[in-house]
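The block underneath contains the structure these notes are about, expressed in structure tokens.
Just so it is clear, none of the values below were taken in a lab; they were calculated from the coordinates. It should be emphasised that the depicted structure is a prediction, and the values quoted were computed from it without experimental measurement. Reconstructed Cβ throughout: ideal geometry from the backbone, glycine too, with neighbour counts over all protein chains shown.
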Amino acid sequence: MRALIGAAALFCLWACDDASAPTGMLVLSAKDGLLDVTPYAGLLADPERALSIEDVADGSASSAFEPLLDCMPNLGQSAGAYWVKVRLHTPEAPSPFVFFSVDWPRLEDVRIYWREGSGFASYTSGWRMPFQDRAVASPMHAFRVPVDPKGSTEVWVRVQSRSELIFPMSVAWPERFSERSRQMGLFSGLIWGMIAALTFFNLLVYLRLRRAYQLHYVLCVATFTASWALNGGYYGAFGRMSTSSIPIPELLISASIFFRIWFTREFLKLASVAPRWNVALSITQWIFVPLAVLFGVGATFLGDDSPGLPGVDTLIFLMLVLAGIRAARVGRPARRPSLRRRR
């Protein structure tokens with residue numbers, strides 16, 4: 001659904017080694033440029049979110065890691081946290097540091113650790129964190145990690161999110177990381193550019209013909225695309241506004257459903273559309289779709305450590321109900337003419 005996420009998945013799968021590769025040390029040579037991390041990594045579940053970096057690095061939990069062996073790990077939804085451990089060897093390193101990237105934008109809390117002196121250094125990222133507060137201003141969760149050119153570097157990544165726990169990881173030298181970032185930006189820009197051109201064209205048509213359903217279409221696409229961009233990793237570009245507890249992406253996607261219903265009802269008033277399709281689309285648009293959106297919104301706002309303001313989920317529910325009422329009133333079929341003879 002999101003161009004940026006799709007691009008990340010494609011690049012991750014393109015760079016992914018054979019999933020049967022042995023776990024252990026990941027060797028990143030100067031000619032490799034970029035490699036997938038997860039086939040070489042170990043995974044540790046932390047259901048209570050109680051483990052610290054000292055526990056997983058030097059404590060009893062350090063021996064509990066299990067091989068991950070998956071280029072695109074998808075652990076579903078969980079209130080717990082997961083730790084990923086990998087040992088990186090960089091012979092003949094062309095740079096004193098590498099870029100670690102967790103290539104899935106909508107993750108709430110991503111932390112990376114490595115040894116520094118007698119302790120640990122760390123960075124933190126998250127999809128609602130402003131770009132200026134991140135280690136790397138990127139729609140993905142990217143980190144600049146120093147490496148030892150004469151030895152190996154242990155890296156631990158902690159991931160926690162109430163959305164889907166999907167976290168493909170890659171490691172790259174600076175030049176390759178910059179190249180991939182440009183390619184992903186170009187791909188996303190092309191997708192969003194085509195959507196913007198189509199939306200602007202429909203806006204011009206509306207200004208020319210003044211047909212209500214075209215305006216509803218423009219508003220539907222605009223709000224959906226805005227939500228898509230925020231969920232695709234660009235929430236942090238809005239600075240401190242991204243830390244607000246108001247769930248702007250969910251409100252935008254709900255508004256897009258609202259305008260989509262209006263568009264359908266206005267469009268179906270055209271005489272060329274069969275009444276049978278009218279009924280089918282009515283059921284889809286203002287019963288099943290709102291219920292599906294409400295289920296997702298409720299799971300987000302009513303879950304553990306909910307970031308939403310009290311009553312926001314109720315507001316979205318009322319928006320969907322009002323949209324359904326609007327759809328029902330607009331789409332009410334006209335009464336059939338009476339066949340009785342007038343006396």
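Overview of results
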{"read-out": "Estimated distance in nm for a label pair at SER163 and ASP32, the labels positioned 7 Å out from Cα along Cα-to-Cβ", "value": "2.9"}
{"read-out": "Descending principal axes extents, the stretch 3-181, alpha-carbon based, whole Å", "value": "41, 40, 37"}
{"read-out": "Residue order, fewest to most surrounding Cβ atoms within 10 angstrom, among MET169, MET72, MET25", "value": "MET25, MET72, MET169"}
{"read-out": "Label point at SER52 placed 7 Å out along Cα→Cβ; residues across the stretch 110-130 whose backbone nitrogen lies under 13 Å", "value": "119-120"}
{"read-out": "Solvent-free Debye scattering, log10 I(q)/I(0), computed from the Cα coordinates of the stretch 51-156 at q = 0.15, 0.16 Å⁻¹", "value": "-0.72, -0.83"}
{"read-out": "Footprinting exposure proxy for VAL155, VAL136 (fewest neighbouring C-beta atoms within 10 Å first)", "value": "VAL136, VAL155"}
{"read-out": "Gain on full stretching of the segment that runs from THR124 to GLU92 - 0.36 nm per residue minus C-alpha separation", "value": "8.7 nm"}
{"read-out": "Exposure proxy ranking, count of Cβ atoms within 10 Å, fewest first, for SER52, SER256", "value": "SER52, SER256"}
{"read-out": "Stretchable slack from ALA45 to GLU175, in nm (0.36 nm times residue separation minus alpha-carbon distance)", "value": "43.5 nm"}
{"read-out": "Simple label model, 7 Å out from Cα along Cβ direction - SER60 to ALA237, nm", "value": "4.8"}
